[in-house]
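Heads up, the thing below is written out as structure tokens.
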Amino acid sequence: MSPNETSWTAGGGRSRLAEAFTPSRIGMVVLAVVALARVFENTREVRIRLLSPEVSMPLGPALPATALLGADTAARGRK
């Protein structure tokens with residue numbers, strides 16, 4: 001680092017704050033906010049039958065839980 005550069009512009013003229021806001025990071029934050037909004041808006045109770053037991057839970061967490069179970073089942077079937 002030359003004496004004329006400060007620690008804020010040491011990354012080639014861009015500030016550290018500008019480097020922190022990359023398009024992929026902004027996209028991940030937007031995706032996380034949308035996912036959280038979807039979970040908190042879907043609070044109606046639903047009943048889910050898992051073979052023999054029946055589970056009652058809010059719809060918001062039930063949707064991603066079933067998606068993860070389905071993805072895991074599909075991944076195990078491809079082996």
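The values are calculated or read from the model by the stated rules, or taken from the named source; none is laboratory data. This structure is a prediction, so every number in the text was calculated from the model and none was measured. Positions of Cβ are backbone-derived with ideal geometry, glycine not excepted, and every protein chain shown enters the neighbour counts. Each accessible area value is taken on the protein alone, full model and side chains, heavy atoms only, with ligands, DNA and RNA left out. Shrake-Rupley method; radii C 1.70, N 1.55, O 1.52, S 1.80 Å.
Residue by residue, here is whether (1) open to solvent by 90 Å² or more (accessible area, probe 1.4 Å); (2) touching a Ser or Thr at 6+ places or on another chain (Cβ under 7 Å); (3) in contact (Cβ under 8 Å) with a residue 60 or more places away in the chain holds:
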residue	(1), (2), (3)
VAL30	no, no, no
ALA37	no, no, no
PHE40	yes, no, no
MET57	no, no, no
GLY60	no, yes, no
LEU63	no, no, no
LEU68	yes, no, no
GLY77	no, no, no
Selection count where residues are open to solvent by 90 Å² or more (accessible area, probe 1.4 Å), in contact with a strand residue (DSSP E or B) (Cβ under 6 Å, 6 or more places away or on another chain) and not acidic (Asp, Glu), scope segment 44-55: 1
